[in-house]
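All remarks here apply to the structure that follows.
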Ligand code: PLP
């Protein structure tokens with residue numbers, strides 16, 4: 001099938017690079033190839049591109065440039081945040097939720113020789129139980145709390161302000177995995193003063209893969225994560241991915257310039273798609289919180305059918321790309337840990353549709369027609 005005829009509705013897994021982003025990166029594959037740590041002209045030119053990018057990202061998020069640390073993406077930022085805080089700040093308890101991304105959950109598990117690991121309760125829609133969170137924080141002052149801003153599978157949005165109040169009250173350190181929201185929602189890190197660390201990943205907002213950043217609030221005083229050179233103010237050694245950093249910065253600038261238009265358009269697509277799906281499959285179930293939800297994600301359990309086990313595969317054969325769970329779990333055929341945690345692992349075929357501003361109404365109409373013909 002010609003790629004032009006394929007339909008991509010898996011934007012929470014990754015997004016398409018925009019042409020302006022590719023253009024911004026090209027000089028760093030061609031002329032500007034120096035090592036940013038070199039002191040000669042070639043190095044200084046490369047270093048300057050990184051520092052300009054850092055400044056631009058910091059301005060967009062209302063932070064200071066030296067609070068932005070470039071990484072290889074969301075997974076590394078999450079590993080870095082949890083491990084550095086626990087190892088540097090004499091943290092005794094790590095509190096997280098059972099529906100976090102594996103990069104948080106597995107890092108948390110790997111730290112249990114030095115911290116107690118506690119999970120806050122979530123309800124059947126995946127919403128954090130704030131009473132339980134308060135109990136946990138009250139009984140374990142000076143904990144590290146790590147929660148995601150938006151869940152990548154079901155789209156639930158965290159009330160960061162509410163969590164921040166508790167963080168302040170019980171003197172906790174707060175890490176937010178914002179991989180699904182940076183570039184999709186305005187972030188003002190001056191206002192979010194109780195968020196101490198925040199992870200972001202470029203390929204979720206039409207930037208290149210393998211690059212992201214970790215915001216670390218000034219004054220945290222952390223020990224290095226990756227040892228080696230003095231890059232990233234000695235916290236994350238390794239020669240920087242300059243083309244990636246420049247491309248990510250361009251993608252973030254474009255995302256924030258056009259944020260409201262993109263958001264309104266995608267919200268409209270999701271609403272119409274959801275309503276049309278509901279007409280076609282009246283017994284479908286939407287997984288996750290319906291009110292406080294990422295505007296680009298819709299997680300649906302369809303009625304059981306003979307092709308249940310092969311629904312996303314059958315869509316793929318018909319040129320429609322979706323995810324049957326989170327991208328990281330897809331292909332492994334494992335039941336999603338998120339659906340399991342909210343008691344929605346009942347064997348119904350479940351699909352995560354995730355939209356971008358590049359999707360069209362026609363694509364979604366075709367998708368519904370294909371779904372109808374597959375599940376006649
Ligand atoms: N955190 C969340 C919420 C994600 O959705 C993802 C990727 O899907 C990650 C972390 C990992 O990001 P990356 O792919 O940049 O390693």
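Where a number appears in this text, it was derived from the coordinates with a stated rule and is not lab data. The shown structure was predicted, so the numbers you read here are calculated from the model rather than taken from an experiment. Please note: Cβ atoms are built from the backbone with ideal geometry, for glycine as well, and neighbour counts cover all protein chains shown.
Estimate the FRET efficiency between residue 142 and residue 234 by the formula 1/(1 + (r/R0)^6), using the beta-carbon distance for r and 25 Å for R0, to the nearest 0.05. Don't jump to the answer; show the numbers that get you there.
Working: r = 25 Å, r/R0 = 1.00.
With a Förster radius of 25 Å, E is 0.50.
With the Cα gyration tensor of the chain in hand, convert its eigenvalues to equivalent ellipsoid semi-axes via √(5λ) and list them largest first in whole Å. Mind dumping the intermediate values first?
Details: eigenvalues 235, 153, 58 Å².
Semi-axes (√(5λ), whole Å): 34, 28, 17.
What do the square roots of 5 times the Cα gyration tensor eigenvalues come to for the stretch 243-376, in whole Å, largest first, as semi-axes of the equivalent ellipsoid? Walk me through the numbers on the way to the answer.
Details: eigenvalues 143, 65, 47 Å².
Semi-axes, largest first: 27, 18, 15 Å.
How big is the antiparallel share of DSSP beta bridges in the stretch 19-257, given as a percent to the nearest 5? If you can, show how the numbers build up before the last one.
Working: 11 of 27 bridges.
Expressed as a percentage, antiparallel bridges in the stretch 19-257 total about 40.
Starting from the Kirkwood Rh over alpha-carbon pairs, what translational D in µm² s⁻¹ does the stretch 87-216 have by Stokes-Einstein at 37 °C and 0.692 mPa s? Please list the in-between numbers first.
Working: Rh = 15.0 Å.
Roughly 219 µm²/s, to the nearest whole number.
Among 176, 195, 335, which one moves the most in a GNM of the chain with springs linking Cα atoms closer than 10 Å?
Top of the fluctuation ranking is 335.
Pairs of Cα atoms under 8 Å, at least six residues apart: use those to get the relative contact order of the chain, whole percent. Please list the in-between numbers first.
Values: 709 pairs, mean separation 85.6, N = 376.
Over the chain, the number comes to 23 percent.
Springs between alpha-carbon atoms under 10 Å, Gaussian network over the chain: tell me which of 96, 283, 107 tops the mean-square fluctuations.
283
Under a point spin-label approximation (7 Å from Cα along Cα-to-Cβ), what is the residue 132-residue 317 distance to one decimal in nm?
Between residue 132 and residue 317, the label points sit 4.0 nm apart.
Under the definition of Cα pairs under 8 Å and six or more residues apart, what whole-number percent is the relative contact order of the stretch 266-317?
36
Assign one of three labels to the stretch 204-249, namely rounded, prolate or oblate, based on the Cα gyration tensor with a ≥ b ≥ c the square roots of its eigenvalues; rounded applies when a/c is under 1.5, prolate when it is not and a/b is larger than b/c, and oblate otherwise. If you can, show how the numbers build up before the last one.
Working: a/c = 2.80, a/b = 1.58, b/c = 1.78.
Judged from the Cα gyration tensor, the stretch 204-249 comes out oblate (a/c at least 1.5, b/c at or above a/b).
With an 8 Å Cα cut-off and a minimum separation of 6 or more residues, compute the relative contact order for the stretch 172-301 in percent.
Values: 152 pairs, mean separation 24.8, N = 130.
Dividing the mean separation by the residue count of the stretch 172-301 yields 19 percent.
Figure the gain on full extension for residue 59 and residue 307 (residue separation times 0.36 nm, minus the Cα-Cα span) and round it to one decimal in nm.
Contour length minus Cα-Cα distance gives 84.3 nm.
Under the rule a/c < 1.5 gives rounded, and otherwise a/b versus b/c splits prolate from oblate, where does the stretch 199-284 land using the Cα gyration tensor? Don't skip to the end; give the middle numbers.
Values: a/c = 3.09, a/b = 2.48, b/c = 1.25.
The shape class here is prolate.
GNM, the chain, Cα, under 10 Å: largest mean-square fluctuation among 48, 24, 308?
Checking each option, the largest mean-square fluctuation is seen for 48.
Quickly work out the residue 257-to-residue 369 label distance, labels modelled 7 Å from Cα along the C-beta direction, and quote it in nm with one decimal.
Each label point lies 7 Å from its Cα, and together they span 3.6 nm.
Over the stretch 33-168, what is the percentage of antiparallel beta bridges among all DSSP beta bridges, to the nearest 5? If you can, show how the numbers build up before the last one.
Working: 2 of 8 bridges.
That works out to approximately 25 percent antiparallel.
From the Cα gyration tensor of the stretch 137-280, with a ≥ b ≥ c the square roots of its eigenvalues, which class applies: rounded if a/c is under 1.5, or else prolate if a/b is larger than b/c, or else oblate? Let's see the in-between values first.
Numbers: a/c = 2.36, a/b = 1.26, b/c = 1.88.
Oblate, since a/c reaches 1.5 and b/c is not below a/b.
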